[in-house]
């Protein structure tokens, strides 16, 4: 098994990416081949400074990177040879497609721009036959983990896309998280069947007919309370759910800080609950669940958070390994095939 | 000034509505005429049981009500004489439109079904000239109050609707809350101008050209931190924002409860911060801001929360009075006229 890692993606690239790859190498030993894609000189010089060993880690050199805020379209124009594009091309067999890099990967991890990764995956990576649009799935860190897709890559969605995402998300949750017959919910503005905007109404109809465990419409207020394992929505709404969860959490914790800062009495209270509060905050941190998989591609692609540190990159690599081992893509292909989605 | 109140709307109708009207009568004295619309016998018998005086409160009798879960379309068919429909018709001058009830109201308050109130307002109440779709606005209870619209009445929106809502929302926040030149944000999945689904992209263009203080796209994670005074979005997304804010808040408070229940130590901590925690919870309760105004109509209509108690109904009545006094509708008309939205 070979996992490719984008050395030039993320807020702290390449430093934290190199840290993460070295950590992962330590964990995985020789069982997985790791390939860093990026500026070889920078990589070697950082490793040397930190006395990190790159033994057994391959490097594919490029000094082109696509920035976090750069227009994803650049992937189609001047930046076809950026580290992210190379990683995606290397998911094809050597010599096939545009893989001219002498080795092939089973999975690709990048902490770079989400938009670019989604765009690049359409340009350079293969989709599962019949899949209309790949989606980016994230785990929402509530009482039970909820896989939500799409989380932002497809602001304009259609019912048929969403139905495929439901099937792919179910396959991911069963193969990777061991959940039998994951409950799929459709995010909507009411629980009744007739509710929703045009897209949601269309999606409801298709989801009802699909070969999944569809539990119907889910209202946003119920998301945190374990009403479904897979939550399907268009990417615009998914992005709002993801970021609002983060924002409201941050806001309430800032209010709590004010509460504990009120007086000597409340400061004492803080000292008494500090460890439990920290543990709670950690449990609510979505980065504890690793990166966000792009589902619908015929290889594993994991988007690590832009602000990932070495540990987060290492976790994303381990997650990619688990995806390859559990053959998430194979399970997804079979599920989409059974549902007639490959016709 | 006359304020009409739907006695048959809400989870606790008519009891809590009657409580609320009597409370409001006590506060307002003779300065405002109050009219209850509902089952006269039930109203009188409840008031008698509780020894509440109905002196100076008019009653318009109907024993027809529209249920909280009932299809709003019923307003157009068998339920044209339900309390909500009568209230909306009574906003027209006596004899004009379908107002055959001998008195006319300046404002209407209902805790009934949101969908029915929105549908009924289109059927029976007048819109400000040129307004395409009325929106339901809610205050999100963050560090600074944010007026969000639409909050769910229009799941399928268009850029031009949203531009009118921005103008109406600005007028409301300046007339009612005294905010000079309210900052209007467009909820979007990124801050860059090009971001969004088709509707948001269209809305961005129109908002940039409108005569408002448009501060651009707002990401959901920033909503709680006072980046705008008015937040515009389609009703589907608005509904998700409203309910997810509620759900995440509830979830975090339930985690906090577990934290404080861990041990004797943490229980002691709870005792020390209990008053501050309660105050914080209250500050985060949106019902503290009263009801949700329907904006775009040519009279004031306030939707009180379905679970309103007497105090909440009383607050919604006081809010309606304030809207009439500050001539929110007049300010809105002028703003929409200036922006050429009445052509």
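The values are calculated or read from the model by the stated rules, or taken from the named source; none is laboratory data. Small disclaimer: the values here were computed from a predicted structure and weren't measured. Cβ coordinates were reconstructed from backbone atoms using ideal geometry, including for glycine residues, and neighbour counts include every protein chain displayed.
Given the structure, is residue A:249 assigned to a strand (DSSP E or B), surrounded by fewer than 24 Cβ atoms within 10 Å (Cβ to Cβ) and not assigned by TED's automatic domain parsing to the domain that holds residue A:116? No. Answer yes or no as to whether residue A:113 is within 22 Å of residue A:11 (Cβ to Cβ), buried (at least 23 other Cβ atoms within 10 Å of the Cβ) and touching a strand residue (DSSP E or B) at 6+ places or on another chain (Cβ under 6 Å). Against the criterion (within 22 Å of residue A:11 (Cβ to Cβ), buried (at least 23 other Cβ atoms within 10 Å of the Cβ) and touching a strand residue (DSSP E or B) at 6+ places or on another chain (Cβ under 6 Å)), residue A:113 does not qualify. So which residues in the stretch B:95-110 are more than 12 Å from residue B:60 (Cβ to Cβ) and surrounded by fewer than 24 Cβ atoms within 10 Å (Cβ to Cβ), if there are any at all? Hits for the stretch B:95-110 are B:95, B:96, B:97, B:98, B:106. Look at (1) in a strand (DSSP E or B); (2) out of contact with any strand residue (DSSP E or B) (no Cβ under 8 Å at 6 or more places or on another chain) and you find that residue B:267 fails only one, number (1). All told, residue A:88 falls short of being at pLDDT below 95 and closer than 30 Å to residue A:339 by Cβ.
Residue A:167 - would you say it is at pLDDT below 95 and within 13 Å of residue A:231 (Cα to Cα)? Spelling it out, it is not the case that residue A:167 is at pLDDT below 95 and within 13 Å of residue A:231 (Cα to Cα).
Okay, residues lined up against (1) surrounded by 16 or more Cβ atoms within 10 Å (Cβ to Cβ); (2) modelled with pLDDT of 95 or more; (3) at the interface with another protein chain (Cβ under 9 Å from one of its Cβ atoms); (4) touching a helix residue (DSSP H, G or I) at 6+ places or on another chain (Cβ under 6 Å):
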{"residue": "A:260", "(1), (2), (3), (4)": "yes, yes, yes, yes"}
{"residue": "A:266", "(1), (2), (3), (4)": "yes, yes, yes, yes"}
{"residue": "A:269", "(1), (2), (3), (4)": "yes, yes, yes, yes"}
{"residue": "A:280", "(1), (2), (3), (4)": "yes, no, yes, yes"}
{"residue": "A:285", "(1), (2), (3), (4)": "no, no, no, no"}
{"residue": "A:288", "(1), (2), (3), (4)": "no, no, no, no"}
{"residue": "A:291", "(1), (2), (3), (4)": "yes, no, no, yes"}
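Taking the stated definitions as given, is residue B:147 closer than 30 Å to residue B:202 by Cα and either surrounded by 15 or more Cβ atoms within 10 Å (Cβ to Cβ) or not assigned by TED's automatic domain parsing to the domain that holds residue B:12 (or both)? Yes, satisfied. For residue A:237, state whether it is under 28 Å from residue A:68 (Cα atoms), assigned by TED's automatic domain parsing to the domain that holds residue A:142 and over 15 Å from the mean Cα position of the chain (by Cα). Considered against the rule, which asks whether it is under 28 Å from residue A:68 (Cα atoms), assigned by TED's automatic domain parsing to the domain that holds residue A:142 and over 15 Å from the mean Cα position of the chain (by Cα), residue A:237 comes out as yes. If you go through the stretch B:186-224 and pick out every residue that is without any contact (Cβ under 8 Å) to a residue 12 or more places away in the chain and at the interface with another protein chain (Cβ under 7 Å from one of its Cβ atoms), you end up with 4. Restricting attention to the stretch A:248-258, the residues being at the interface with chain B (Cβ under 7 Å from one of its Cβ atoms) and in contact (Cβ under 8 Å) with a residue 12 or more places away in the chain number 1. Of all the listed residues (B:230, B:241), the sole one being more than 7 Å from chain A (Cβ to nearest Cβ), closer than 20 Å to residue B:143 by Cβ, crowded, with 20+ Cβ neighbours inside 10 Å and in contact (Cβ under 8 Å) with a residue 40 or more places away in the chain is B:230. Please determine whether any residue of the stretch B:102-113 is without any contact (Cβ under 8 Å) to a residue 12 or more places away in the chain and farther than 23 Å from residue B:310 by Cα. Within the stretch B:102-113 (the criterion being without any contact (Cβ under 8 Å) to a residue 12 or more places away in the chain and farther than 23 Å from residue B:310 by Cα), the answer is yes, since at least one residue qualifies. On the stretch given as the stretch A:177-216, residues that are buried (at least 22 other Cβ atoms within 10 Å of the Cβ) and closer than 12 Å to residue B:239 by Cβ total 6. Listed residues A:244, A:277, A:231; which is over 25 Å from residue A:313 (Cα atoms) and in a helix (DSSP H, G or I)? It is A:277.
Of the residues in the stretch B:297-309, none is facing chain A (nearest Cβ under 8 Å) and over 25 Å from residue B:170 (Cα atoms). When residues in the stretch A:287-313 are screened for being in contact with a strand residue (DSSP E or B) (Cβ under 9 Å, 6 or more places away or on another chain) and in a loop (DSSP other than H, G, I, E, B), 7 of them pass.
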